[in-house]
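Please treat every number below as a calculation from the coordinates, not as lab data. Everything quoted here is computed from the prediction, not taken from an experiment. Please note: Cβ atoms are built from the backbone with ideal geometry, for glycine as well, and neighbour counts cover all protein chains shown.
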């Protein structure tokens, strides 16, 4: 009897493990997969043999029931059955049909599988370039309800009307591996919206959203927008009231703080900001945001040069809040014109406090400066180890505030004249510059020429052997890597600029940072 009991017990354990493996169900956290093919015309239960064709009320009922117990992935067919082209769902996915804050996370995956047969569905893994194509993904709503726990993975979003390609109102969102654009027929924007906390009378939206947290936008191609490419809505001010009221922070003048926090914009390729019309900032961040990271993005070619900035951020109410805004390791290049600067710190909706701009390469701004701060009362602005080449305006300029400028390269900006225009309280050390420096610069390298970098005309901003930039920087404690993740220092001291000479590789690394690097 003891032997029989033991054998039966082992059999039951083995059977349970096999069942978990086969159906993908964990006893602690269920996982459910559904499938969607817009070309399917038969019965729709969401299975591989009977996929959903649309996000109908019945499909949402099935999805929401599964989200009550665990994670759900809906695989949208990545390509058509008969040709390697996008499978097209000519609709916006309305995320307000989803349970607002379920147990599980909903993932919409548009690139991993496709239905090989429209009449008798059969699904295969896919690794090509086609994607499931939709008009938009929208969770903005009049009720200001947050719809949380969403991952968008590998969709092609092409908004052709007067709406957003993506509008987020909810916590714990990730948008990744997708291609997002406005078409030529688009009539309004922005293209990608994190919904403001401010209401309409305070320069926000009547469809505002409560403060959100944990939003990640990574590894996407986002391009050709009507209006802003990425608009990070937040707090706002009523600009019709007097400047004195705004300065006094009258509650009737400003609204929307506290605002969103923990937002990451990582390793995206951004281009043609505002090319379809409207005001075309590439990344526009509004007031009172905290814990924001913009890292590793390639941002280029703003076709519409009317009132464009590459990255612009507002400040926060003067209550001592450190925003912790980090702009690092981005490649900003080949912009035909910006309204004032590629990176602008504005103060019309609050005073910038706690902004770090480091390890960026800014290359060829045909009209405008590279970095500009309007914040006459800005606090804790740190500008470290950037390489800035060939802006028609200044390399760095400020209208006041408190700043640190260390280890920056300013080369051939402002027609090779004065590289900086600085007002406020500055600590400037260990920078390298051509032309002249607008003020005092301690332990700096003057008379910089293009020979200090490997091949700026060929977009190679690495440090060659024997460069005057080598070992001339000051050691900083807040980070320890360069633009591509090379540890600092490689020699006896830090190098000046975004790149550290890599003695192991010869430092022949392309200017675009690889994805997925760990940043210290």
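For the reader, a short list of remarks on this structure follows.
- The residues 281, 138, when put in order of fewest to most other Cβ atoms within 10 Å, stand as 138, 281.
- Between residue 429 and residue 91, the simple spin-label model (points 7 angstrom out along Cα→Cβ) gives 6.2 nm.
- Here the relative contact order of the range 359-454, from alpha carbon pairs under 8 Å that lie six or more residues apart, stands at 23 percent.
- Gain on full stretching of the segment that runs from residue 474 to residue 118 - 0.36 nm per residue minus C-alpha separation: 121.8 nm
- Label separation (residue 57 vs residue 144): 2.8 nm, computed from points 7 Å beyond Cα along the C-beta direction.
- Amide N proximity, the range 181-218 versus residue 83 label position 7 Å along Cα-to-Cβ, cut-off under 15 Å: none
- Computed from the Cβ-Cβ distance with R0 of 41 Å, the FRET efficiency linking residue 402 to residue 210 stands at 0.80.
- Within the range 30-134, antiparallel bridges make up roughly 25 percent of the DSSP beta bridges whose residues both belong there.
- Tensor-based shape of the range 30-134 (alpha-carbon gyration tensor, a/c under 1.5 rounded, otherwise prolate or oblate): prolate
- Structure-based [θ]222 nm, the chain - -39500 (n - 2.57) summed over DSSP H runs of at least 4, per residue, nearest 500: -2500 deg cm²/dmol
- Pairwise centroid distance, computed over Cα atoms, of the range 357-395 with the range 315-341, Å: 9 Å
- Using the Cβ-Cβ distance between residue 49 and residue 301 with R0 = 56 Å, the FRET efficiency computed as 1/(1 + (r/R0)^6) comes to roughly 0.75.
- Kirkwood-based shape ratio for the range 147-239, expressed as Rg/Rh from alpha carbons: 0.97
- Approximating the spin labels as points 7 Å out from Cα along Cα→Cβ, the residue 185-to-residue 492 distance works out to 6.7 nm.
- Taking 126, 403 and counting other C-beta atoms within 10 Å, the order from fewest to most: 126, 403
- Ascending count of other beta-carbon atoms within 10 Å, so fewest first, for 40, 60, 349: 60, 40, 349
- At R0 = 41 Å, FRET efficiency that the Cβ-Cβ distance of residue 416 and residue 221 yields, to 0.05: 0.70
- The mean sequence distance of close C-alpha pairs (under 8 Å, at least 6 residues apart), as a share of the length of the range 30-134, puts its relative contact order at 30 percent.
- Each Cα pair under 8 Å and six or more residues apart adds its separation to the average, and for the chain the resulting relative contact order is 7 percent.
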